[in-house]
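Asks: Input: one structure, supplied below.
The values are calculated or read from the model by the stated rules, or taken from the named source; none is laboratory data. Not measured: the values here are computed from a predicted model. Heads up, the Cβs are rebuilt from the backbone with ideal geometry, glycines too, and the neighbour counts pull from every protein chain shown.
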């Protein structure tokens with residue numbers, strides 16, 4: 001018997017903004033400074049919080065997402081850190097490229113860290129969710145001495161010999177254009193499919209994932225990420241990126257994440273150095289900042305307080 005389809009989280013709201021708790025409203029009211037930098041001829045969208053001169057903290061989002069996935073997380077660290085997030089090329093408000101490479105994404109990491117002033121107080125810490133963990137660990141593998149520490153968040157590094165899956169959003173056709181914002185919001189779903197206990201977070205992410213197009217392009221609303229990205233990019237030998245990291249690494253995952261079964265967690269920890277911190281976020285699936293945002297923030301705070 002097939003599993004029932006998980007409903008799109010915003011359909012029931014009919015385009016209205018779902019009610020949100022006070023902590024979320026306070027967090028998103030802390031507006032980041034928004035800017036753009038050029039990396040290898042492409043404009044990259046960069047968000048920053050907190051004062052220069054504080055320890056640096058860089059936040060990397062997942063596939064098809066954007067820098068504002070961190071806009072309700074970053075303010076909780078801005079009193080103690082200079083925090084930056086950016087949209088990978090081909091995602092969010094950053095430019096699309098003709099081709100993508102792991103080296104190109106690594107270049108974006110260091111360019112943003114430099115431009116945001118994350119090195120002003122020494123080496124920054126970097127946290128990466130999902131797809132973001134692959135370029136982060138490529139950077140750690142090759143230039144990890146430029147980081148104080150790195151945190152992998154629910155990135156599925158497959159064990160050697162395990163066949164790869166089809167990447168989310170691996171289409172080879174242009175995005176559909178929806179006639180109204182309400183229609184587009186109703187189509188927003190998480191990949192991999194999962195429930196959404198906090199639809200106010202999904203709504204915030206969805207609205208910043210969309211762009212309005214003019215009549216010459218059909219008129220309406222469509223997704224901002226490059227639909228052809230996965231046909232122009234290969235991750236390569238991802239598990240090898242875990243071996244011999246050149247800075248301390250921690251592993252965080254959603255306890256109910258379908259991408260992080262116990263066998264995969266064990267295989268990843270076997271490749272990482274002995275004593276690598278390993279933290280499961282209770283009652284969270286893959287998108288831990290959506291499912292358990294405050295528990296996720298507390299887990300990171302706890303890590304940073306006593307590690308590395």
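Asks: Only residues that are touching a strand residue (DSSP E or B) at 6+ places or on another chain (Cβ under 6 Å), modelled with pLDDT of 95 or more and not in a strand (DSSP E or B): list them for region 277-308, please.
Replies: Hits for region 277-308 are 277, 284, 285, 286, 288, 292, 295, 296, 299, 303.
Asks: When the residues of region 213-244 are narrowed to those that are touching a strand residue (DSSP E or B) at 6+ places or on another chain (Cβ under 7 Å) and modelled with pLDDT of 95 or more, which ends up surrounded by the most Cβ atoms within 10 Å (Cβ to Cβ)?
Replies: Per the criteria, the residue is 221.
Asks: Taking into account only those residues within region 208-238 that are under 24 Å from residue 34 (Cβ atoms) and assigned to a loop (DSSP other than H, G, I, E, B), which is farthest from the chain's Cα centre (by Cα)?
Replies: Ranking the candidates gives 214 first.
Asks: Related question: What number goes with the only condition from (1) touching a strand residue (DSSP E or B) at 6+ places or on another chain (Cβ under 7 Å); (2) in a loop (DSSP other than H, G, I, E, B); (3) in contact (Cβ under 8 Å) with a residue 60 or more places away in the chain that residue 20 does not pass?
Replies: (1)
Asks: Okay, moving on. For residues that are crowded, with 17+ Cβ neighbours inside 10 Å and over 19 Å from the mean Cα position of the chain (by Cα), scanning just region 43-60, find the one that is nearest to residue 71 (Cα to Cα).
Replies: 50
Asks: Let me ask another. Just to be sure, is residue 265 in contact with a strand residue (DSSP E or B) (Cβ under 9 Å, 6 or more places away or on another chain) and either in a helix (DSSP H, G or I) or buried (at least 16 other Cβ atoms within 10 Å of the Cβ) (or both)?
Replies: For residue 265, the condition - in contact with a strand residue (DSSP E or B) (Cβ under 9 Å, 6 or more places away or on another chain) and either in a helix (DSSP H, G or I) or buried (at least 16 other Cβ atoms within 10 Å of the Cβ) (or both) - is met.
Asks: Here's something else I'd like to know. Would it be correct to say that residue 138 is over 25 Å from residue 38 (Cβ atoms) and either in contact with a helix residue (DSSP H, G or I) (Cβ under 9 Å, 6 or more places away or on another chain) or modelled with pLDDT of 95 or more (or both)?
Replies: no
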